[in-house]
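**Q** Here it is: the structure, laid out below.
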Amino acid sequence: MNAANNVIENLNKTQAACARACLRAGRRPEDVNLMAVTKYAADQDVLTLLESGRIRHIGESRVQQAAQRWTKPSFAKYNISKHFIGHLQKNKAAQAAKLFDFIDSIDDIDTALRLNACARALNKTLGVLVQIKLTDRQTQSGVSFNEAPLLVQELKKLDFLRPCGYMAIAPKTDNPQSLRGLFKKVREAFERDFPPQLPQRFLSLGMSEDFETAVEEGSTLPRVGSKLFASNLEGV
């Protein structure tokens, strides 16, 4: 199987697994969108996904690396929602505001203020997600469950940022089922703070290892990278 066929086969299997998770949870598969995390993927593999027309959201975590890719004419021609999913440094806010449609990792008001100023200079409204911290790791970004709704309220006061959901990164585990309670808790916060009548709302939970459990618990935008770009995918 050549590289392009391998990527499409991975996409087929991953989307099928996502659909099965929706059915197990009594959800509509069309209510969940896979985010393709492209930061480690080869350009040609990403282009293969874009050419398929089946991916509407991509995620990158390094601003400069993403700029090198998404400003190329071969990538820029695609109308796709670009999400920044890494920890945003204030000195990268201007470049991120220009390049991305969504910043999914907001966890402090100072960065948000800087981002809002950059978006204002561009006359551009950015979608933002607040990152909730689910681990005790010092290197893990995010705010606590108690702080999250307070930050959302502060973001609503900013004219060029549009808060539209929560993002969280679950602890690593060999048993994704053990994460079910955490995912449920984030979903409950999401439903409380982002009502269904909003024009856009995203609950970004789940990665390649645990996205099925996350989807069963309500994720609308799981972030999948290795499942899509691995050279061999032994089922999902």
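**Q** Suppose the filter is closer than 27 Å to Asn123 by Cβ, crowded, with 21+ Cβ neighbours inside 10 Å, of a type in the set (Val, Ile, Thr) and in contact (Cβ under 8 Å) with a residue 24 or more places away in the chain; does Ile80 pass it?
**A** Judged against the criteria, Ile80 is not a match.
**Q** Is the range 105-119 home to any residue that is touching a Lys or Arg at 6+ places or on another chain (Cβ under 8 Å), more than 24 Å from Val37 (Cβ to Cβ) and small (Gly, Ala, Ser)?
**A** no
**Q** Right, something else. Quick check on the range 36-45. Is at least one of its residues within 27 Å of Asp159 (Cβ to Cβ) and of a type in the set (A, V, I, L, M, F, W, C)? Steps first, answer last, please.
**A** In the first step, residues of the range 36-45 are kept if they are within 27 Å of Asp159 (Cβ to Cβ); the result is none.
Looking through the range 36-45, none of the residues is within 27 Å of Asp159 (Cβ to Cβ) and of a type in the set (A, V, I, L, M, F, W, C).
**Q** Consider the range 22-40. How many of its residues are touching a His at 6+ places or on another chain (Cβ under 9 Å), among the aliphatic types (A, V, I, L, M) and outside any strand (DSSP E or B)?
**A** Result for the range 22-40: 1.
**Q** Let me ask another. If you scan the range 16-44, which residues turn out to be crowded, with 20+ Cβ neighbours inside 10 Å and either touching a helix residue (DSSP H, G or I) at 6+ places or on another chain (Cβ under 8 Å) or more than 19 Å from Gly218 (Cα to Cα) (or both)?
**A** Cys18, Ala21, Val32, Leu34, Ala36, Val37, Thr38, Ala41, listed by residue number.
**Q** Of all residues in the range 109-125, which are small (Gly, Ala, Ser), under 12 Å from Lys90 (Cβ atoms) and surrounded by fewer than 16 Cβ atoms within 10 Å (Cβ to Cβ)? Before the answer, list the steps.
**A** So in the range 109-125, the residues small (Gly, Ala, Ser) come out as 112, 117, 119, 121.
Filter once more, keeping what is under 12 Å from Lys90 (Cβ atoms): 112, 117.
Across the range 109-125, the qualifying residue is only Ala117.
**Q** Shifting gears a bit: Would you kindly identify the helices (runs of 4 or more DSSP H) lying entirely within the range 179-236 that contain at least 2 residues that are modelled with pLDDT of 95 or more, surrounded by 24 or more Cβ atoms within 10 Å (Cβ to Cβ) and at negative phi?
**A** On the way: elements: 180-193, 211-216, 226-229.
Output list reads 180-193, 211-216.
**Q** Something else: When you go through (1) touching a residue at least 12 places away in the same chain (Cβ under 8 Å); (2) surrounded by 13 or more Cβ atoms within 10 Å (Cβ to Cβ); (3) more than 19 Å from Leu129 (Cβ to Cβ); (4) not small (Gly, Ala, Ser) one by one for Asn12, which number turns out not to apply?
**A** The number of the failed condition is (1).
**Q** Report yes if Asp136 is surrounded by fewer than 21 Cβ atoms within 10 Å (Cβ to Cβ), part of a loop (DSSP other than H, G, I, E, B) and of a type in the set (Asp, Glu), otherwise no. Steps first, answer last, please.
**A** Numbers: surrounded by fewer than 21 Cβ atoms within 10 Å (Cβ to Cβ): yes; part of a loop (DSSP other than H, G, I, E, B): yes; of a type in the set (Asp, Glu): yes.
Spelling it out, Asp136 is indeed surrounded by fewer than 21 Cβ atoms within 10 Å (Cβ to Cβ), part of a loop (DSSP other than H, G, I, E, B) and of a type in the set (Asp, Glu).
**Q** Are any residues in the range 126-152 over 12 Å from Asp108 (Cα atoms) and polar (S, T, N, Q), and if so, which ones?
**A** Thr135, Gln138, Thr139, Gln140, Asn146
The values are calculated or read from the model by the stated rules, or taken from the named source; none is laboratory data. Note that the structure is a prediction, hence the values are computed from the model and not measured. Reconstructed Cβ throughout: ideal geometry from the backbone, glycine too, with neighbour counts over all protein chains shown.
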